[in-house]
Every structure is written in C-alpha cells, then in structure tokens.
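The structure appears right after this line, and notes come after that.
The values are calculated or read from the model by the stated rules, or taken from the named source; none is laboratory data. Please read these numbers as outputs of a predicted model, since none were measured by experiment. We place every Cβ from the backbone using ideal geometry, glycine too, and count neighbours over all the protein chains shown.
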Amino acid sequence: MTARLIDAATRLKVIARHGVGVDSVDLKAVERRGIVLTITRDANTVAVAEFTMAMARDFCRSAQDMRSGEWSPGNYLGFQLEGRQLGVVGFGHASLARISSSLAVCGMTSTLPARRRISIPLG
C-alpha cells in the first residue's frame, strides 16, 4: 500500500496484512496517520521453514552437479545433514523459530547475520 493510497483512505484505521511481510506497506505513511498495522505472524512459518530445508538440500546437490557438468534429476538420492552448517539470510520469525531449531534436530548448525533493529508499528 502506497502513501498515496493510504492518504486517500481518509477513514482508514487498521491495515490487516495476511502474511508476515510489511514491505508492501508504506510504514512512514502508516505511522504518520496513526493507523494500526497487523500481520498474521505465524500464518506460514512452518511452510517457510520446510521449504527452506528442502531447498537447502536440493540446492547443494544440484549446484555441485552443475559445476561438474553431471546434473541429472535422478542424481538426488539425499545426503547426511549432520555436521553441516547453513547460513540463513533474510531471516524473520520463520528463521528464528523454526529453521534454526529444525537444523539442530538434524545435527546441523546455522549462522544468522547480526540483526539490526527496525521499528514497525504493529497493532
């Protein structure tokens, strides 16, 4: 939601976002107008964590095969995760709550970049 759209909705009091991201909402306009912004924080936490785990596994294998020139869908039979480390970039609630703990169960470690504080007006 752009500032122009938010300002045009003169009776707007609440923005309820289905999902966890607020990058599509002009936060300065929301704060300036005193509008309550809510998200569905846990709406897709499990799905994001599971997808990230699956992508990490498949990405490692496919990248290695592509480099060696031997990429083939039939080559993906799995590998052991224990003892491996995954760097998580672009982390939010899903990364902190699910991905890192899921990796630990598999015997993996994860590295998260230093988190910077941001102010998001939530209702």
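Taking the criterion of being over 22 Å from residue 45 (Cβ atoms), not in a strand (DSSP E or B) and not acidic (Asp, Glu), the residues of the range 8-26 that qualify are 8, 9, 10, 11, 12, 13. Within the range 93-110, residues that are assigned by TED's automatic domain parsing to the domain that holds residue 57 and at positive phi have Cβ atoms under 9 Å from residues that are of a type outside the set (A, V, I, L, M, F, W, C) and at pLDDT 70 or above in these pairs: 107/83; 107/84, counting only partners at least 6 apart in sequence or on another chain.
In this structure, residue 78 does not satisfy being at pLDDT 70 or above and not in a helix (DSSP H, G or I).
The residues in the range 28-47 that are surrounded by fewer than 16 Cβ atoms within 10 Å (Cβ to Cβ), touching a residue at least 40 places away in the same chain (Cβ under 8 Å) and part of a helix (DSSP H, G or I) can be counted, and the count is 2. Candidates are the residues of the range 2-18 that are surrounded by fewer than 15 Cβ atoms within 10 Å (Cβ to Cβ) and among the β-branched types (Val, Ile, Thr); the one that is farthest from the chain's Cα centre (by Cα) is 10.
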